[in-house]
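Below is one structure, written out as structure tokens; comments come after it.
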Amino acid sequence: MSAISARSTQDDPIRAALVRRGLRLNYLGIGYNVLEAIVAVAAGLVAGSVALVGFGFDSVIEVTASVAAQWRLRSDVHLHRREHVERRTARIIGWSFLALALYVAVDSASALAHHDAPERSVPGLVLLALSAIVMPVLARAKRRVARALESGALEADAMQTSLCAYLSIIALAGVALNAFAGWWWADPVAALAMVPIIAREGVEGVRREVLCADDCC
């Protein structure tokens with residue numbers, strides 16, 4: 001049965017083309033997110049910006065999600081393995097986002113409590129503005145592939161790319177208000193505003209993994 005499923009998937013040119021497109025989009029996402037993570041974390045540490053550092057670590061998790069999605073795409077040819085990878089991918093992504101939500105919440109609360117005023121970060125502003133443009137386009141392309149392949153894991157990866165766009169807009173608002181209006185608290189408040197969004201995605205990822213496990217049983 002599994003051999004027949006694997007062979008039929010291999011012989012489906014439309015599905016094979018979708019997998020190749022998904023892989024290309026994935027490579028593009030990984031490359032951009034690596035750049036995003038390096039610039040955001042470095043700029044955030046230099047400026048003392050919680051929002052930038054949180055956004056940078058989100059990009060690190062995006063890379064993890066994209067690598068997991070690569071695993072899922074490369075397993076598409078085998079039906080049984082595809083289901084197993086769906087569960088594992090959802091688990092990796094979900095728990096990673098929950099860890100990030102906890103980190104950002106603690107760091108933001110500490111910055112507010114200690115009145116840690118960040119410095120202006122021009123590289124951070126440029127990066128966040130660029131991400132607000134690039135990420136929605138990439139997310140839409142990923143979502144089309146995920147729906148065509150009927151993959152919950154790939155749909156989750158596309159949703160997390162959309163999440164990156166939302167976070168870039170929130171972080172941009174906080175970093176810009178600090179830079180141009182002198183509102184030091186806007187930066188950690190923007191970071192705190194990210195927490196519910198990040199946590200929700202984490203919970204949904206873990207729930208998706210549990211539901212998939214129950215269905216497979």
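Among residues that are surrounded by fewer than 24 Cβ atoms within 10 Å (Cβ to Cβ) and either over 29 Å from residue 74 (Cβ atoms) or more than 14 Å from the chain's Cα centre (by Cα) (or both), residue 191 is not included.
Remark: pairs (first residue in the stretch 192-207, free of Cβ contacts under 8 Å to residues at least 60 places away in the same chain; second residue surrounded by fewer than 21 Cβ atoms within 10 Å (Cβ to Cβ); Cβ separation under 8 Å; 6+ apart in sequence or on different chains) = 197/166. Within the stretch 23-41, being of a type in the set (Gly, Ala, Ser) and either in contact with a Cys (Cβ under 6 Å, 6 or more places away or on another chain) or without any contact (Cβ under 8 Å) to a residue 24 or more places away in the chain (or both) holds for one residue alone: 31. The set of residues from the stretch 176-209 being in contact with a Lys or Arg (Cβ under 8 Å, 6 or more places away or on another chain) and under 24 Å from residue 63 (Cβ atoms) comprises 205, 206, 209.
Of the residues contained in the stretch 75-84, none is found to be modelled with pLDDT of 75 or more, out of contact with any strand residue (DSSP E or B) (no Cβ under 8 Å at 6 or more places or on another chain), in a helix (DSSP H, G or I) and on the phi < 0 side of the Ramachandran plot.
Residue 159 meets the conditions (1) surrounded by 24 or more Cβ atoms within 10 Å (Cβ to Cβ); (2) within 18 Å of the chain's Cα centre (by Cα) in every case but one. The failed one is (1).
Within the stretch 118-133, the residues that satisfy the criterion of being surrounded by 15 or more Cβ atoms within 10 Å (Cβ to Cβ) and either outside any helix (DSSP H, G or I) or at pLDDT below 90 (or both) are 118, 121. Residue 175 satisfies every condition listed in (1) assigned to a helix (DSSP H, G or I); (2) farther than 29 Å from residue 28 by Cα; (3) touching a Gly at 6+ places or on another chain (Cβ under 7 Å) except (2).
The values are calculated or read from the model by the stated rules, or taken from the named source; none is laboratory data. The structure displayed is predicted, hence computed values, not measured ones. FYI the Cβ positions are ideal-geometry reconstructions off the backbone, even for glycines, and counts take in every protein chain you see.
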